Amino acid sequence: MGILVIGSMALDTVETPFGKLEEGLGGSATHFSVSASYYTPVSIVAIVGDDFPQKHISFLQQRNIDVSGIQRVPGKTFRWAGKYDYDLNNAQTLKTELNVFEAFKPEVSVAQAKPDFLFLANIDPVLQKNVIGQVKRPKLIALDTMNFWIQGKRDALVEVMKEIDLITINEGEARLLTKQSNLLKAARQIREMGPKTIVIKQGEYGALLFHEHHIFSAPGLPLEDVKDPTGAGDSFAGGFMGYLAKVGEVNIDTLKQAVIYGSVMASYNVEAFSCERLKNLTEEDIRNRYKAFRSLSQFESSY
Ligand code: AMP
């Protein structure tokens, strides 16, 4: 099996200077799995309420995502509302309603219990840890989180971080977690907390990878048409993990390429609200943008 992901499935209300989305398809597990589905089979563990539109589940199925681990229970689906100003790098959270997530007990089925790769998408770290306990040790466990959990469930987050191999985190969250403004020092401190590989996302400016003694920097692709950055981090993680799962090997060379595939998927995601832009990408779209990333920072060396 490819990737097992646990994370949020949400109805998002998002306002940016370029438009508004009311209760659209969102959630960390959703954005992640749609993105990763371009590379590898994905299976979701999550929960939705009885108000969650069936058409969203059908869309995930059309992308060949295994939805058998999504529990549908009486109650309201998780809801998040956020706003961005002209600086699209920072979301302002207006509302976080956990709803059915408050009583969620993840259940990993026998068929899902031996994933090659496990992604603990942004959700309560207690749930993230619970899922680790239900699977046979995968090749790689990666985790994402956000300020809401860093501030609200720090101890649980520190606990689960001891068990993971890799973390994707944005620069503001890395600083919040470590209380370090310098990213090199922050990455070092995060490594001491557990994960030996760290990806620091820098919004429109790209991403930094720290692995063993290597540091790799991917640029942000200058884009003309950015509408909504929501889900960029999860789409990044989807392309990143999807590529690693596809090649099946984790080393500095595959990690560097994974950062670029992650950046490709994030760059498409921000061009429209919700998952709209990631609905129908072609292999050619992915290839073209991969090449654009490559040429952006390639230059002749005189040394
Ligand atoms: P990002 O990739 O960081 O932009 O993540 C965006 C997604 O995270 C949105 O679709 C939200 O539904 C989801 N989200 C926001 N807050 C939380 C939270 N506290 N826990 C889990 N998911 C969240």
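May I ask for the distance between the Cα centers of segment 1-46 and segment 118-145, given as a whole number of Å?
For segment 1-46 versus segment 118-145, the Cα centre distance is 16 Å.
When the chain is modelled as a GNM with alpha-carbon springs shorter than 10 Å, which of 86, 205, 268 fluctuates the most?
It is 86.
Placing +1 at every Lys and Arg Cβ and -1 at every Asp and Glu Cβ, with all other atoms neutral, what dipole size does the chain have around its Cα centre, in debye to the nearest 20?
680 debye
What does the accessible area of residue 302 come to, in Å² to the nearest 10, when a probe of 1.4 Å is used?
The accessible area of residue 302 comes to roughly 110 Å².
For segment 1-131, what is the accessible area per residue in Å², given a 1.4 Å probe and the full set of protein chains?
In whole numbers, segment 1-131 has 40 Å² accessible per residue.
Give the accessible surface of segment 202-303 per residue, rounded to a whole number of Å², with probe radius 1.4 Å and ligands, DNA and RNA excluded.
Numbers: 5170 Å² over 102 residues.
Per-residue accessible area for segment 202-303 comes out at 51 Å².
Determine the shape class of the chain: with a ≥ b ≥ c the square roots of the Cα gyration tensor eigenvalues, call it rounded for a/c under 1.5, and otherwise prolate if a/b is greater than b/c, oblate otherwise.
Rounded shape, in that the Cα axes give a/c under 1.5.
Which parts of segment 118-157 would a label at residue 251 reach, counting a residue when its backbone N lies under 17 Å from a point 7 Å out along Cα-to-Cβ?
Counting backbone N atoms under 17 Å from the label point, the list is 140.
May I ask you to evaluate 6.51 cos²θ - 1.76 cosθ + 1.60, the Karplus curve with θ = phi - 60°, for each residue of segment 89-101 and list the ³J(HN,Hα) values in order in whole Hz, giving x for glycine and proline?
For segment 89-101, the Karplus-derived couplings read 7, 10, 7, 9, 7, 9, 7, 10, 10, 5, 6, 5, 5 Hz, x marking Gly and Pro.
If the label point is 7 Å along Cα→Cβ of residue 109, which residues in segment 26-51 have backbone nitrogen under 14 Å from it?
42-46
In whole Hz and in residue order, list the ³J(HN,Hα) couplings for segment 262-271 that follow from phi through the Karplus curve 6.51 cos²θ - 1.76 cosθ + 1.60, θ = phi - 60°; x for Gly and Pro.
Per-residue couplings from phi come out as x, 5, 4, 5, 5, 5, 6, 4, 6, 7 Hz.
In nm, give the distance between the simple-model label positions of residue 95 and residue 137, each being 7 Å from the Cα along the Cα-to-Cβ direction.
With each label point 7 Å from Cα toward Cβ, the separation is 4.5 nm.
With all protein chains present, how much of the accessible area of segment 1-111 (probe radius 1.4 Å) comes from carbon and sulfur, to the nearest whole percent?
50 percent
Give me, ordered by chain and number, the residues 5 or more places off residue 47 or on other chains with an amide H under 5 Å from its own placed amide H.
Those qualifying (amide H under 5 Å, at least 5 residues apart or on another chain) are 9, 71.
List nothing, just return the count: lysine pairs in segment 69-139, 8 or more apart or interchain, with Cα separation under 28 Å.
Lysine pairs meeting both conditions in segment 69-139 amount to 14.
Ignoring any ligand, DNA or RNA, what whole percent of the accessible area of segment 169-303 comes from carbon and sulfur when the probe is 1.4 angstrom?
It is 47 percent, rounded to a whole number.
Can you send over the solvent-accessible area of residue 284, 1.4 Å probe, protein chains only, in Å² to the nearest 10?
Looks like 110 Å² after rounding.
Would you mind checking segment 24-40 for residues with the amide N under 11 Å from a putative spin-label position 7 Å along Cα→C-beta of residue 294?
Under cut-off, by backbone N: nothing.
At a Cα cut-off below 16 Å, give the aspartates and glutamates reachable from residue 246, other chains included and same-chain residues fewer than 8 away excluded.
116, 283
Antiparallel as a % of all DSSP beta bridges within the chain, to the nearest 5?
Expressed as a percentage, antiparallel bridges in the chain total about 40.
The values are calculated or read from the model by the stated rules, or taken from the named source; none is laboratory data. Predicted model, so just to flag it, every value in this text is computed and none were measured. All Cβ positions, even for glycine, are placed from backbone atoms using ideal geometry, and neighbour counts span all protein chains on display. The accessibility values were calculated without ligands, DNA or RNA, using every heavy atom of the protein model including side chains. Shrake-Rupley method; radii C 1.70, N 1.55, O 1.52, S 1.80 Å.
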